[in-house]
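One structure coming up, written as structure tokens, with questions to follow.
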Amino acid sequence: MKIDIITIFPELFKSAFESSIIARAKKKKLVQIKIHNLRQWTKDKHHTVDDKPFGGGPGMVMKVDIIDRAISDLRSKILDSRIILLTPQGKTFNQSLAQKLAKQKHLILTCGHYEGFDERIRSLVNEEISIGDYVLTGGEMPAMVIVDSVVRLIPGVVGKEASLKEESFASAAAGLEYPQYTRPEVYKNMKVPKILLSGNHAEIKNWREKEALKKTKKRRPDLITTISKIL
């Protein structure tokens, strides 16, 4: 997979993708990530990427012509590209969407900033994504979140791929993950459930399913409603 990120603050990404799983994925050539400064597609001496909004109002608006040139240039190198606009007005990002994006050959993530985008930019992209109902200073953090979530789903990136199937939100009909324990067996009078020490894998599986459902009902009851609709 190749991921291109368009931003006016490329320096924010310097260390984000240079450690842990993403760094290993890059080293194994399972993913190629490139950060592009939007200003390289400007044509004026001040490298202007924004302007005052027509009709008046506060803030600055990112220019459609600059972003159009950036997207056109990047997508010309790979025909099968998925172009994503990172905006609070987009579809809320979730695990299901991450799984779909992980199957793409080429992602172009466009980071917004200032007061927002020229509305015509929306016609240039395939999808608009938000990582939550809150406002950030720009799309850089959402881009990092999406890349982290998507890259780990690429085959070969995570050591034990079977573990991905048991994670929270791993499937459309999944809730939260079951409780996990490791050594020591007893810590400050808190004990590991005996069933996990039994060696009975069928019973352990049954226990985990029940505990996962119990945890989901307690912490994310909204997921129970979603799962019921799917099933």
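The values are calculated or read from the model by the stated rules, or taken from the named source; none is laboratory data. Predicted model only: the values in this text are computed from it and were never measured. So basically every Cβ, Gly included, is an ideal-geometry build from the backbone, and we count neighbours across all protein chains shown.
Within region 115-131, does at least one residue satisfy the condition of being of a type in the set (Phe, Trp, Tyr) and closer than 24 Å to residue 53 by Cα?
As a first pass, look at region 115-131 and keep what is of a type in the set (Phe, Trp, Tyr): 117.
After this cut, where a residue has to be closer than 24 Å to residue 53 by Cα as well, the list is 117.
Yes, region 115-131 has at least one match.
Let me ask something else. Checking the conditions here, which among 92, 110 is over 28 Å from residue 176 (Cβ atoms) and among the hydroxyl-bearing types (Ser, Thr, Tyr)? Give the derivation first.
Details: 92 fails: over 28 Å from residue 176 (Cβ atoms).
Answer to the selection: 110.
For residues that are part of a helix (DSSP H, G or I) and touching a helix residue (DSSP H, G or I) at 6+ places or on another chain (Cβ under 8 Å), scanning just region 21-38, find the one that is surrounded by the fewest Cβ atoms within 10 Å (Cβ to Cβ). Give the steps one after another, and end with the answer.
Going through region 21-38, the residues part of a helix (DSSP H, G or I) turn out to be 21-27, 38.
Retained after the next criterion (residues that are touching a helix residue (DSSP H, G or I) at 6+ places or on another chain (Cβ under 8 Å)): 21-22, 25, 38.
Working: 21: 14, 22: 21, 25: 21, 38: 23.
Among residues in region 21-38 that are part of a helix (DSSP H, G or I) and touching a helix residue (DSSP H, G or I) at 6+ places or on another chain (Cβ under 8 Å), the one surrounded by the fewest Cβ atoms within 10 Å (Cβ to Cβ) is 21.
Which is out of contact with any helix residue (DSSP H, G or I) (no Cβ under 8 Å at 6 or more places or on another chain), of a type outside the set (Lys, Arg) and under 27 Å from residue 22 (Cβ atoms), of 73, 80, 50, 65? Full working, then the answer.
Details: 73 fails: out of contact with any helix residue (DSSP H, G or I) (no Cβ under 8 Å at 6 or more places or on another chain); 50 fails: under 27 Å from residue 22 (Cβ atoms); 65 fails: under 27 Å from residue 22 (Cβ atoms).
Criteria check complete, one pass: 80.
Taking region 78-95, which residues are at pLDDT 95 or above and part of a loop (DSSP other than H, G, I, E, B)?
Result: 81, 93, 94.
Looking only at region 7-21, decide whether some residue is at pLDDT 95 or above, of a type in the set (S, T, N, Q), touching a strand residue (DSSP E or B) at 6+ places or on another chain (Cβ under 8 Å) and over 30 Å from residue 176 (Cα atoms).
Yes.
Could you run through region 96-116 and say how many residues are modelled with pLDDT under 95 and either closer than 13 Å to residue 145 by Cα or acidic (Asp, Glu) (or both)?
Selection size over region 96-116: 1.
Considering only residues that are outside any helix (DSSP H, G or I) and either touching a Cys at 6+ places or on another chain (Cβ under 6 Å) or at pLDDT 95 or above (or both), which ones fall in region 62-77?
Taking region 62-77 first, the residues outside any helix (DSSP H, G or I) are 62-63, 76-77.
Of everything in region 62-77, those that are outside any helix (DSSP H, G or I) and either touching a Cys at 6+ places or on another chain (Cβ under 6 Å) or at pLDDT 95 or above (or both) turn out to be 62, 63.
Of everything in region 102-157 that's of a type in the set (Lys, Arg) and closer than 19 Å to residue 68 by Cα, which residue is surrounded by the most Cβ atoms within 10 Å (Cβ to Cβ)?
Just the residues of region 102-157 that are of a type in the set (Lys, Arg), to begin with: 103, 105, 120, 122, 152.
Subset that is closer than 19 Å to residue 68 by Cα: 120, 122.
Working: 120: 12, 122: 14.
Going through the qualifying residues, I end up with 122.
Test residue 98 against the stated conditions and say whether it is closer than 17 Å to residue 8 by Cα, assigned to a helix (DSSP H, G or I) and either of a type in the set (A, V, I, L, M) or in the same structural domain as residue 223 (by TED's automatic domain parsing) (or both). Steps first, please.
On the way: closer than 17 Å to residue 8 by Cα: no; assigned to a helix (DSSP H, G or I): yes; either of a type in the set (A, V, I, L, M) or in the same structural domain as residue 223 (by TED's automatic domain parsing) (or both): yes.
No, not satisfied.
Among the candidates 35, 5, 22, single out the residue that is among the hydrophobic types (A, V, I, L, M, F, W, C) and either free of Cβ contacts under 8 Å to residues at least 24 places away in the same chain or in contact with a Cys (Cβ under 8 Å, 6 or more places away or on another chain) (or both). Working first, answer last.
Working: 35 fails: either free of Cβ contacts under 8 Å to residues at least 24 places away in the same chain or in contact with a Cys (Cβ under 8 Å, 6 or more places away or on another chain) (or both); 22 fails: either free of Cβ contacts under 8 Å to residues at least 24 places away in the same chain or in contact with a Cys (Cβ under 8 Å, 6 or more places away or on another chain) (or both).
Answer to the selection: 5.
Between a residue in region 72-87 that is closer than 12 Å to residue 2 by Cβ and assigned by TED's automatic domain parsing to the domain that holds residue 7 and any residue that is crowded, with 18+ Cβ neighbours inside 10 Å and among the acidic types (Asp, Glu), which pairs come within a Cβ distance under 7 Å, given they are 6 or more apart or on different chains?
Hits for this filter: 74/4.
Are any residues in region 185-231 closer than 18 Å to residue 175 by Cα, of a type in the set (S, T, N, Q) and either modelled with pLDDT of 95 or more or exposed (fewer than 11 other Cβ atoms within 10 Å of the Cβ) (or both), and if so, which ones?
Within region 185-231, 206, 225, 228 qualify.
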